[in-house]
Each structure stands twice: as structure tokens, then as C-alpha cells.
Amino acid sequence: MVGNQAGQGIDPSMMASQPQPLPGQLGMDVEGPQEDMAEDSREESLRALLEATNIAEKLDEDKLRTIGRNAFEGFDQDKQSRQHWEKQVEEWTKLATQVREDKTFPWPRASNVKYPLLTTAAMQFAARAYPSLVPSDGKVVKSKVVGKDPTGEKYALADRVSTYMSYQIMHELVGWEEGMDKLLIMLPVVGTIFKKTYWDPVKKKVASDIILPKDLVVNYWAKSLKEAERISQVIEMSPRILKERQMSGVFLDEDLGSAPMPLEKGNAPPHDETTPYTIIEQHTYLDLDEDDYPEPYIVTFHLESAKVLRIVARFDDTTMHYSDEGKLAKIEPIEYFTKFGFIPNPDGSFYDLGFGVLLGPINESVNTLINQLIDSGTINNLQSGFIGKGLKLRMGETRFLPGEWKAVNSTGDDLKKQIVPLPSKEPSNVLFQLMGSLITSGKELASVAEIFVGKMPGQNTPATTTMATIEQGMKVFTAVYKRIYRSLEEEFIKLFDLNATYLNPNTYEEVLGITVGPQDFSLKQYKICPGADPTAVSQTEKLLKAQGLQEMLPLGVLDPVKVALRMLEAQEQPNIQDLLNPQVAQTGQLPQQPNPKVMESQAKIQAIQQAAAIKSEQAQFESQLKERDAKFQLMMKAAAADQDARHKEVLARLNTAIQTHTTNMQVAADKHKFIQDTMHKEVAHKQDVTHKERMATVQRQQAAKQTSKGKK
């Protein structure tokens, strides 16, 4: 795919490298040399137009004037066809944004309250749609493998590409997520929003910008973007940027004069230096090679002067189709725009319906009733009436302050007769009930029931009834989600094709740790689609669906890895790849599980082998045990004989020692007895001598006593 924005040139070097073969290269017969030469001339002419950066440089002034006038007339015709719709969009926008306006009826500055029914419906839709369509884990793109994948190579490739595209959309396409947020807020109000997906040669990257419906003009009765004869994008370009495009050769150097401010945008000074020009980038069909077959081109011109600034081809080699005879059959245009619709219009027109057309009349009626009730209360609270001329009071306006009393030169009876108040009633209860009925009807139409805005149902309401009520209320949103889902898929396929054409072959994302190239982007092996689930608009519903798959795992018909991935995605777990087994993350499959029957037979064989090995080991052990027992017996006998000999020798030595000891003991005893006898004799002798000495002493003492007694 080739892309460009207004003021951006196509890079011819990035065109498809495999052009369709020329008629003369197909090896087929042609009708004659003249037709062959005409076909070759046609091919050369188209090739020259295709490779031109700005075809307008090769055209004369009359041709450019004709193209510019036709482009302007087509733009004006398409804009007139949807004039009524543009007025409605302006009214819906004011109603949704609660624009305050002064009223002059029934009196100046009367009540002009706007009930936020449309605003609430749009906010509730965006609050539910945003987390469902833009998952919190950042996996906005996923891929589905086409055909069988026994080795897991397709799954690995598809997962790598979807991971890169999710990173590209969320981080490299600056403003994409913010644009989706705006889209989901504005889409339910106006019913139709567009996105433009293209290659930006200045920034060298793909881009996908949101475009408001008023800035993309398509005929009101066109069937679709693909079948529209003209698609005109309104671009406000400042004089500085316009001059840059002209100096770089992207635009023709045309004098556009001053840039007046469009009437619908106010009466700004026309000679302001920053006032932008209104540039129209029209995707249309032109017959520049004069073969009576218009080819798709992009014509960029100035709105006020209808001067053409740039013409580029809106096709390439891949969109040129040939017949079996080798002749050019048709040229398909490259689509830049993606339409996001809310509810298809029953009248068959191009622009879809939103809450603006569905709730606008009800919202206006509610606003009227509220203001009538407020005005009625104002009249009832601030009474007015007539004052008779007979009342002696200065004429003119008379005002009273709270608690103020004024003196009047009249009696009370005359005062009552001269002052007649206008009859007024309190605010009508019937109007109040009617307003409540309209509000309820509007909420039912927009599925903005109390249970969806966070309010709990009654205490006695069964859980099944509550869930059923929520499910029924979500039906409307589910249908809209599927439409947005289809549009997102178209946008992602456009990005996919741009990557296949313009992506650097050696692109490496350090954050992701993966390498991707143009060769990886092939829809023959897998299919790109949004990561959101349009059938599950709530987190609880996603978890219930994943749990239902998990309960079916015992049946053996589901892939456990894919069921586990669905469960992790429903839980919106971050960095799912980090949670997976390395082999599962690489192949996307569980390790190969053996056949149970084979495992059983292998177990039996292994058991037999183990039993035989055990018996062999047991026999060998018994043999070794007997041999060891015999050796042990011999060793025990030898040890016993040796021990007996040693015992006898010890006994002999012991007997000899005992005899020697006995002899020695006897000798010692005899010596001891002799010594004792000798000692006894000596002791007896000493005792005898001592006794004798004591006796002699006693006798001497007695003799001395007797002598002393005799002397007395």
C-alpha cells in the first residue's frame, strides 16, 4: 500500500517491487501488433503517472483549470447533498456539549436549561466501550493462524507480528489511543467518525489520524467509501506550512492570495498572517492518459480559488488487475479512510445514526418541559398585574425589597380595588409526569438505566434477574461494538499493508526483544484482527467465558495452552509471555505427551527387566554371601586355632607365673613370720625389762614410803 497526506509526497522507491507483467511478457497471443503497441503505450503512460511525485507539474494550465473546476464542483455538490445533515450535527453537538444560549421567548433571558440526556448516553457508551475495545494490557492487535500449524511456526510468526503491531499502535503512533478516546465520545453523538491511515514520508512512519465527519465530505447517498466517486478531506493549512510545501516542490507554486476565514468559523480579520487556507484533498477518478477509463488519483486544490496544487496516483502495481489476455482489466484504488459507524441509517444514506438523531427530539422535549415548569414557577413566585389610575401612587415601575413596606395615600379598600393581579398557577404536575416519562423513554432507548450507571437494584431483586437485565441492556451496545470491531479490523489491515511495504527489513524493538520485517506481514499464514472481544463487553462476561472453556478441558478436545492464554487474557494479566513455560512461549504448545498404552507396555517391560535384574543381583549376592561365609568360617577356624594356641601358651605362662608367685609368696611369708617372731621376742623382752624396771621403781617407792612413815 502506498500512502500520503496532503502536502506529503509519495516515495517512488518504496513502491511495490513486483509489478504485474506486461502483455508482451505473458507469452499469449494478441489480436494484432497495433493492439499490442497500444497496450504497451498505455502501460508506459500509467507507469509514468504512477512514478510522478506531482503529476500537476506535467499538465498544462488549461487542463489544471478544468480539473480544479471539476473537483470544486464535485466537492460543492457533495457538500450540498448533506447540508441538512450538517445542520443536525451542529444541533446535536450543541445539545451534547450543553451550550448555553440566551432565550427571548416567552420573555428575554427566560429559562434555558438543557437536560443532559444525550450527554449521559454518550459518556456511558464511551465508558463501557473504551476498556472493552482498548484492553488495559495493550494487546490491541491479535492474530489468528490460518490452516494447520503442526510445528507452531505460524503461531510464533503471528504472535510476533501482533505483538509488534500492538506496540506500534500504542507507542509509536502518537495520539492513537487519545484519538480512540475522542472517537468513542463523539461517535454516539454524531453517528459517524473517520480515520485516515497512510504513510508519512516526512516522519518516515505510518500514521492513523482521526477525522471529524464535517471534515470528510462524501455524497450523502453514497453506498460506501469504496464505491464513492469522490472523498474530499478538508484541511486547514497555515500559510507557513503551505509555503514549506511549495518550496519543497510538493505543491505547485501558485499565488493563493490572502487566506480569509471561512464564514461558519466566525468573522476573523481576513489579513491575519496566521489565518489558515482551506485546502481540499479529494480522492477521485481522472482520465489523465485519455483512454476513456478514469484511474484513481488524489487531487489537492485550494477551496476559494479552485487552483490545483498537487495530483498523485491513488494506485500501485498491486492494485492493477489484468485479464487472461494480458490486458488491463481494472484498477482498484488504495483506500486511506476507514469509516466508524454507530447505527446504520434506515434511509440508506452514507452517514449513520447516533444518539443525536435518536435522543435529540426527546431531549429537546424534556428541555422544553423543564423550562416551562421553571418559567411557570417564576411567574407564580413573582406575580404581576394591573394598577388602576384611581390609586394615588406614582406611576412607573415599583419594586419591593424583602421585608419592605411602602406608604400609599389610599385606604385599604381602594388599594384592593385598584390592584388586579394576573391569574397564574403553580407548575403543572401533569407536565412534570410527562417529563419523567420522556426521560425514562430516552434512557431505555439509550440503555442508560440506573443499573448501568452504578446504582444498585432493589434489595429483594434476585441476582439472576439483575444479570438478565444487564444482559438485555447490553444487547444494543454489543451490536455497536461489533460494528466498531469491523472498522478497527479494516484500520489494522491498512496498517498491516503499510508495514508490508514500508517497514525496515531489520526492524528491531529493544523493548520487545523481537525482530520483524516486511516478509513477516503476509495474510496467507494468519489473519490480523483487534484484540478486543466484541461479544463480551464486560470483564465478568469475559471471565465467565474463559472459565467455561477451562471446565471443558477434561474432555480432551481443547488445547490447554490456548485455554490458559484465553484465561490470562480475560484476566488482563500484564506480560503474559513472562508467565508461560519457555517451551510453551516458544512453540505455543505443551511438551509432547506419550501415548498411555505405550507408557503401559513400556512400564510392563521395564517391570520385567527390573525383576530379572533383581533376581540376577539376588543370585549374585547369594553366591558372594556363601563365598564370604566360607572364607569367614576358615578365618574363624584359623583364628580359633591360633587363639587356642595362644590361650594354652598364656595358661602355661600363667601357671609358671603362679607357681613362681606362690614360691615367692611362701618365702616372703616365711621371712615375714621370722621377722614377726623376732619382733615379738624383742617386744616381749622390752616389755619384760620395762615391767621389771617399773616393778623395781614401785618397790623403791613403797620402800621409801615405809621409811618415811617409820621416821614419823
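The Rg/Rh ratio of the range 211-370, with Rg taken over Cα atoms and Rh as the Kirkwood radius over Cα pairs, comes to 1.07.
The heavy atoms of His680 offer some 120 square angstrom of accessible surface to a 1.4 angstrom probe. Once backbone amide H atoms are built at 1.01 Å from N, Tyr285 has Tyr297 as its partners under 5 Å, excluding neighbours fewer than 5 places away on the same chain. Using R0 = 22 Å, the C-beta based FRET efficiency linking Gln433 and Asn381 works out to 0.55.
The length gained on full extension between Glu627 and Gln706, counted as 0.36 nm times the residue separation minus their Cα-Cα distance, comes to 17.4 nm. Its Cα gyration tensor gives the range 157-297 an equivalent ellipsoid, and the semi-axes of that ellipsoid, as √(5λ) in whole Å with the largest first, are 29, 22, 20. Taking every protein chain into account, the 1.4 Å probe leaves Tyr485 with about 30 Å² of accessible area, to the nearest ten.
Note on the range 99-161: Kirkwood hydrodynamic radius from all Cα pairs is 16.9 Å, rounded to one decimal. By the Kirkwood approach, averaging reciprocal distances over each pair of separate Cα atoms, the range 125-232 gets a hydrodynamic radius of 16.4 Å. With the highest mean first, a sort of the peptides 76-83, 430-437, 359-366, 382-389 on other beta-carbon atoms found within 10 angstrom per residue produces 359-366, 76-83, 430-437, 382-389. In terms of its Cα atoms, the range 607-664 spans 79, 15, 5 Å along the principal axes, sorted from long to short.
Report note on the peptides 110-116, 293-299: ranked by the mean count of other C-beta atoms within 10 Å, highest first, their order is 293-299, 110-116. Across the range 172-241, the relative contact order, built from alpha-carbon pairs under 8 Å that are at least six residues apart, equals 23 percent.
Solvent-accessible area of Arg700, all protein chains in place: 150 Å² (probe radius 1.4 Å, heavy atoms, ligands and nucleic acids excluded). Beyond 18 Å in Cα-Cα separation lie the following of the pairs Lys142/Lys494; Lys196/Lys226; Lys79/Lys494; Lys142/Lys527; Lys195/Lys307: Lys79/Lys494; Lys195/Lys307. With the gyration tensor restricted to C-alpha atoms of the range 194-264, the semi-axes of the equivalent ellipsoid amount to 25, 19, 12 Å, longest first.
The ratio of the alpha-carbon radius of gyration of the range 334-374 to the globular-protein estimate 2.2 N^0.38 Å is 1.78.
The values are calculated or read from the model by the stated rules, or taken from the named source; none is laboratory data. Model, not experiment: these values are computed from the prediction. Cβ atoms come from the backbone with ideal geometry, glycine included; neighbour counts cover every protein chain shown. Surface areas here come from the heavy atoms of the whole protein model, side chains and all, with no ligands, DNA or RNA. Shrake-Rupley method; radii C 1.70, N 1.55, O 1.52, S 1.80 Å.
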